[in-house]
Amino acid sequence: MEKISLPETMLVFVCGGVAVGKTTLIKSILPRLRDSLYVSLDAVREPMLRTPNRNNPFGPAWYFLDGPMHGLESEHYKKNVGIQSYYAMLELSANNLSAGSCVIIEGNYLSQIKMGYFQDVVIPFLKLKGLAPKMKMLFVYADKETMAKRIKERNAPRDADKLESEEKLWTYLNSQDLVPKELEKIDHIKINGTSKIEDNAKKAINYLLS
């Protein structure tokens with residue numbers, strides 16, 4: 001497969017609710033792009049939620065982090081992981097943008113879209129770093145029934161709080177504004193995560209090349 005070069009240094013956010021198909025979209029487009037780096041919120045966040053097994057003496061075994069895992073509702077997450085993980089992704093992005101790579105960041109970002117995070121945090125952060133990449137957003141969405149089914153099927157540790165009961169799962173889903181109106185203030189394209197993967201990949205790449 002001949003790889004595609006994006007026309008300029010670019011920072012791409014792949015956003016949307018839980019289990020809408022963000023990772024599937026990225027995995028379908030990343031192999032087609034040249035000089036692109038993928039930064040995942042889950043990959044940054046989950047190691048900071050894990051703990052070492054206290055039964056092991058301090059040493060190499062601790063680094064497997066196979067002890068109890070903090071949940072997203074825990075005080076540990078709220079104080080030490082939540083905001084810090086988003087900041088870490090920006091730092092990783094800046095390091096690679098300055099080296100000439102295009103960066104794809106994957107995360108939920110629903111509340112951040114509503115609060116003006118991209119305008120008030122991301123752009124000023126990049127300016128402080130002396131960077132001005134083209135910013136684009138692939139916003140992935142799906143219906144709540146599909147999201148509920150996928151959350152159950154993947155049964156990820158980070159979803160443990162949601163999976164405690166059917167009621168908790170649907171309370172969470174119904175509390176989410178899955179397509180915030182503030183999205184219209186951002187350069188983006190909407191992608192239906194229940195559509196064919198190949199069709200979504202073509203749509204995403206055409207948008208990035210436009």
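The values are calculated or read from the model by the stated rules, or taken from the named source; none is laboratory data. None of the values given here were measured: they were computed from a predicted structure. Backbone-built Cβ (ideal geometry, glycine too); neighbour counts: all protein chains shown.
Kindly list, by first and then second residue, each pair from a residue in region 113-132 that is polar (S, T, N, Q) to a residue that is surrounded by 13 or more Cβ atoms within 10 Å (Cβ to Cβ), limited to pairs with Cβ atoms under 9 Å and residues at least 6 apart or on different chains.
Close Cβ pairs (under 9 Å, with a partner that is surrounded by 13 or more Cβ atoms within 10 Å (Cβ to Cβ)) amount to Q119/I186.
Kindly provide the set of residues from region 133-164 that are outside any helix (DSSP H, G or I), under 30 Å from M10 (Cα atoms) and touching a residue at least 60 places away in the same chain (Cβ under 8 Å), ordered by number. Outline the logic, then answer.
In the first step, residues of region 133-164 are kept if they are outside any helix (DSSP H, G or I); the result is 133-143, 155-156, 160-161.
Cutting the leftovers down to under 30 Å from M10 (Cα atoms) gives us 133-143.
Scanning region 133-164 gives P133, K134, M135, K136, M137, L138, F139, V140, Y141, A142.
For the subset of region 145-160 comprising residues that are surrounded by 15 or more Cβ atoms within 10 Å (Cβ to Cβ) and in contact with a Leu (Cβ under 8 Å, 6 or more places away or on another chain), which member is nearest to S101 (Cα to Cα)?
R158
Pairs please, first residue from region 165-190 and surrounded by 18 or more Cβ atoms within 10 Å (Cβ to Cβ), second anywhere and part of a helix (DSSP H, G or I) and of a type in the set (K, R), Cβ atoms under 6 Å, 6+ apart in sequence or on different chains.
That search, which allows pairs on different chains as well, returns L169/K162; Y172/K162; L173/K144; P180/K114.
Out of the residues in region 31-47 meeting the condition of being surrounded by 18 or more Cβ atoms within 10 Å (Cβ to Cβ) and hydrophobic (A, V, I, L, M, F, W, C), tell me which one is nearest to T9 (Cα to Cα).
Going through the qualifying residues, I end up with L33.
Looking at K114, K22, which is the one that is in contact with an Asp or Glu (Cβ under 6 Å, 6 or more places away or on another chain), buried (at least 20 other Cβ atoms within 10 Å of the Cβ) and not hydrophobic (A, V, I, L, M, F, W, C)?
Working: K114 fails: buried (at least 20 other Cβ atoms within 10 Å of the Cβ).
Matching residue, one of K114, K22: K22.
For region 119-145, give me the residue count where each residue is aromatic (F, W, Y) and under 30 Å from K168 (Cα atoms). Before you say what the answer is, go through the steps one by one.
Let us first name the residues in region 119-145 that are aromatic (F, W, Y), namely 125, 139, 141.
Next, only the ones that are under 30 Å from K168 (Cα atoms) stay: 139, 141.
Count: 2.
Collect the residues in region 171-210 that are closer than 27 Å to E8 by Cβ and among the polar types (S, T, N, Q), keeping them in residue-number order.
N200, N206, S210
Taking S195 as meeting all but one of (1) under 17 Å from K22 (Cα atoms); (2) surrounded by 12 or more Cβ atoms within 10 Å (Cβ to Cβ); (3) modelled with pLDDT under 90, write down the number of the exception.
Looking at each condition in turn, S195 falls short on (3).
Just need a number here: residues in region 5-55 that are over 23 Å from N192 (Cβ atoms), under 18 Å from the mean Cα position of the chain (by Cα) and β-branched (V, I, T).
Number of matching residues: 2.
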